[in-house]
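Written below as structure tokens is the structure these notes are about.
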Amino acid sequence: MEQQKGKSPKESAVETRYILMPQHANPQGTAFGGVIMAWIDTVAAMAAQKHAGCEVVTAGIDSLIFKEPIRIGDHVVLKASVNYVSRSSMEVGVQVTREDPYSGQKAIATTAHLTFVALDENKKPTPAPPILPQTQEEKRRYENAELRVQARKELLKKIK
Ligand SMILES: CC(C)(COP(=O)(O)OP(=O)(O)OC[C@H]1O[C@@H](n2cnc3c(N)ncnc32)[C@H](O)[C@@H]1OP(=O)(O)O)[C@@H](O)C(=O)NCCC(=O)NCCS
């Protein structure tokens, strides 16, 4: 098979923004985790689709950390980029920032790492293009993702 052309994380990075409305909240008036998880999966899937150039599925979500609550009325900014590509699987990192729309005060509220798998027309795993980190930050994310990918593979092997 012909070697696919690599892409930088910047080429497929996605940023999106929501406002936290009452229907997104729990009884305490802060974000319901399930809603944030759905937004994370959506923005990460878009980055994976752009990188792979084909259909993708979520294979796993891990290291999902809720660091700070998000309040009704906050702007919720989600940034996703592809950290690492193995063969058909891609690790996408997502950072969720909550932003007070009036003062502009912001803080990282949630972070997550997701694995997507590129699929061919028969819905079978297919190679994704290599990822080519360019900046220092992209290289740092790549190296950290490589450690997580190895750890995941070893864990999956052990528990099978
Ligand atoms: C993800 C899925 C396509 C993998 O299929 P599979 O038959 O296990 O395929 P393989 O064993 O060949 O694995 C394919 C790749 O997925 C990776 N993978 C499989 N399960 C994984 C998991 N739980 N976490 C991380 N990576 C995983 C493998 O390491 C492999 O990576 P590589 O090609 O980069 O080396 C399959 O399990 C599936 O369809 N799951 C359901 C997906 C879904 O419905 N998602 C929710 C809605 S989008």
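Within segment 50-74, residues that are closer than 18 Å to Val117 by Cβ reach partners that are within 12 Å of the ligand (Cβ to nearest atom) and open to solvent by 60 Å² or more (accessible area, probe 1.4 Å) with beta carbons closer than 7 Å, at six or more positions or on different chains, in the pairs Val56/Gln49.
The set of residues from segment 15-35 being in a helix (DSSP H, G or I) and touching a His at 6+ places or on another chain (Cβ under 8 Å) comprises just one member, Val35. Would you be able to say whether some residue in segment 1-14 is at pLDDT 95 or above, in a strand (DSSP E or B) and open to solvent by less than 60 Å² (accessible area, probe 1.4 Å)? Yes, segment 1-14 has at least one match. For segment 52-61, indicate whether the set of residues that are crowded, with 22+ Cβ neighbours inside 10 Å and away from the ligand (no atom under 15 Å from the Cβ) is non-empty. Within segment 52-61, not a single residue is crowded, with 22+ Cβ neighbours inside 10 Å and away from the ligand (no atom under 15 Å from the Cβ). A search for C-beta distances below 8 Å between a residue of segment 133-160 that is within 17 Å of Met90 (Cβ to Cβ) and within 12 Å of the ligand (Cβ to nearest atom) and any residue that is modelled with pLDDT under 95 and acidic (Asp, Glu), counting only pairs 6+ apart in sequence or on different chains, returns Arg148/Asp62; Arg152/Asp62.
If you go through segment 15-36 and pick out every residue that is surrounded by 16 or more Cβ atoms within 10 Å (Cβ to Cβ) and within 16 Å of the ligand (Cβ to nearest atom), you end up with 0.
Only residues that are surrounded by fewer than 23 Cβ atoms within 10 Å (Cβ to Cβ) and either part of a loop (DSSP other than H, G, I, E, B) or more than 8 Å from the chain's Cα centre (by Cα) (or both) were counted in segment 80-97, giving 5.
The values are calculated or read from the model by the stated rules, or taken from the named source; none is laboratory data. Values in this document were obtained by computation on a predicted structure and should not be read as measured data. Neighbour counts run over all protein chains shown; Cβ positions are idealised from the backbone, glycine included. Each accessible area value is taken on the protein alone, full model and side chains, heavy atoms only, with ligands, DNA and RNA left out. Shrake-Rupley method; radii C 1.70, N 1.55, O 1.52, S 1.80 Å.
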